[in-house]
Amino acid sequence: MNNTMQPLSGDRSQYLTIALTKGRLADQTMALLEKAGYYCEELGNKKSRKLIFTNEEQKLRFFLSKGPDVPTYVEYGAADIGVTGSDIIIEENRRVYEVLDMEFGRCTMCVAGPESARELLQHHERIRVASKYPNIARDYFYNRKHQTVDIIKLNGSVELGPIVELADVIVDIVETGSTLKANRLKVLEEVCPISARMIVNQVSMTMKAQRIREVISRVREVVNSEKQENQQ
Ligand code: PRP
């Protein structure tokens, strides 16, 4: 090892490492963390290609990763804490503690397709289902609807599936509904509500209990006070 580098174990115990989901979710997470008193100036520089950012004063490290990787980093302890969507947490099914609903990034996991597919769903036909979420799609059709279907895994732009006749329906998140509308697709069934969640590594929850509990309770306070403000 290069002797200017600190051993990873030293770093890990000294810092609280937080995995953020690249993009809009990371911005919303940082806005909330800042209200709770946790900062990272370096993260504000959008032009930077850096992936890991440190706040030496608060002994915090933040890194940006693709959503589906956040639960992986947290399960293996590369991050103590992670924030990502509950869609990803359910799909990845990692051994982590889910500790807090952050109440942003709200959307709905839906079955969507052309109007003509409604009948296929009602009659429990053996249909083709395209999704970025094969586990959620399988669980919904097999365990909740008791319908045998063929699941086709896609990695994005899932709305294309029914248009090019790859699939009859899709299982995907719907936020504003504009992607569906632009592609003449409709919500046919609702699977579950989705929002951003905080997850914690199971060992860190014991080894860094005090610091992690403090983060959870300070962030929870902000979430609750924002909820109250919105209700007024
Ligand atoms: C997500 C989702 C839908 C869209 C829904 O895709 O998969 O396509 O957003 O949002 P709306 O209801 O507000 O239109 P994302 O933008 O993450 O891109 P992807 O399809 O490439 O995964």
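The values are calculated or read from the model by the stated rules, or taken from the named source; none is laboratory data. Note that this is a predicted model, so its numbers are computed, not measured. When we count neighbours, we look across all protein chains shown, and the Cβ atoms used for this are built from the backbone with ideal geometry, even at glycine. Side chains included, ligands, DNA and RNA excluded: accessible areas come from the protein's heavy atoms. Shrake-Rupley method; radii C 1.70, N 1.55, O 1.52, S 1.80 Å.
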Taking the conditions exactly as written (polar (S, T, N, Q), over 24 Å from Lys208 (Cβ atoms) and open to solvent by less than 40 Å² (accessible area, probe 1.4 Å)), does Gln122 satisfy them or not?
no
So, first residue in contact (Cβ under 8 Å) with a residue 60 or more places away in the chain in segment 169-185, second residue more than 8 Å from the ligand (Cβ to nearest atom) and part of a loop (DSSP other than H, G, I, E, B), Cβ within less than 6 Å, six or more apart or across chains; the pairs are Val171/Tyr133
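Each row is one residue, and each column tells you yes or no for (1) modelled with pLDDT of 95 or more; (2) open to solvent by 20 Å² or more (accessible area, probe 1.4 Å).
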| site | (1), (2) |
| --- | --- |
| Thr17 | yes, no |
| Asp27 | no, yes |
| Ser48 | no, yes |
| Leu51 | no, yes |
| Gly67 | yes, no |
| Cys110 | yes, no |
| Pro114 | yes, yes |
Within segment 170-208, work out how many residues are of a type in the set (Ser, Thr, Tyr), in a loop (DSSP other than H, G, I, E, B) and surrounded by 12 or more Cβ atoms within 10 Å (Cβ to Cβ).
1
When segment 172-192 is checked residue by residue, the ones that are more than 10 Å from the ligand (Cβ to nearest atom) and within 16 Å of Ile90 (Cα to Cα) are Glu190, Val191, Cys192
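Among residues belonging to segment 126-139 that are surrounded by 14 or more Cβ atoms within 10 Å (Cβ to Cβ) and of a type in the set (Lys, Arg), point out the one that is nearest to the ligand (Cβ to nearest atom). Walk me through it before giving the result.
To start, the set of residues in segment 126-139 that are surrounded by 14 or more Cβ atoms within 10 Å (Cβ to Cβ) comprises 127-139.
Then drop every residue that is not of a type in the set (Lys, Arg), which leaves 128, 132, 138.
Working: Arg128: 18, Lys132: 6, Arg138: 18 Å.
This residue is Lys132.
Given the structure, is Asp80 assigned by TED's automatic domain parsing to the domain that holds Glu221, over 15 Å from the mean Cα position of the chain (by Cα) and open to solvent by less than 50 Å² (accessible area, probe 1.4 Å)?
So Asp80 passes the test.
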Search segment 140-164 for residues being open to solvent by 70 Å² or more (accessible area, probe 1.4 Å) and within 13 Å of the ligand (Cβ to nearest atom), and hand back the single one that is farthest from Thr108 (Cα to Cα).
Ile163
With away from the ligand (no atom under 16 Å from the Cβ), in contact (Cβ under 8 Å) with a residue 60 or more places away in the chain and touching a strand residue (DSSP E or B) at 6+ places or on another chain (Cβ under 6 Å) as the only criterion, which of Ala112, Ala117 stands out?
Ala117
Between a first residue in segment 120-147 that is assigned to a loop (DSSP other than H, G, I, E, B) and a second residue that is open to solvent by 100 Å² or more (accessible area, probe 1.4 Å), which pairs have beta carbons less than 9 Å apart while being 6 or more apart in sequence or on different chains?
His124/His146; Glu125/Glu119; Lys132/Lys153; Lys132/Asn155; Tyr133/Lys153; Gln147/Arg126
For segment 166-179, what are the residues that are within 21 Å of the chain's Cα centre (by Cα) and either over 20 Å from Arg24 (Cα atoms) or of a type in the set (Gly, Ala, Ser) (or both)?
Ile170, Val171, Gly177, Ser178
Testing Ala167 on (1) in contact with a helix residue (DSSP H, G or I) (Cβ under 9 Å, 6 or more places away or on another chain); (2) away from the ligand (no atom under 13 Å from the Cβ); (3) outside the structural domain of Ala31 (by TED's automatic domain parsing); (4) open to solvent by 50 Å² or more (accessible area, probe 1.4 Å), one condition comes back false. Which one is that?
(4)
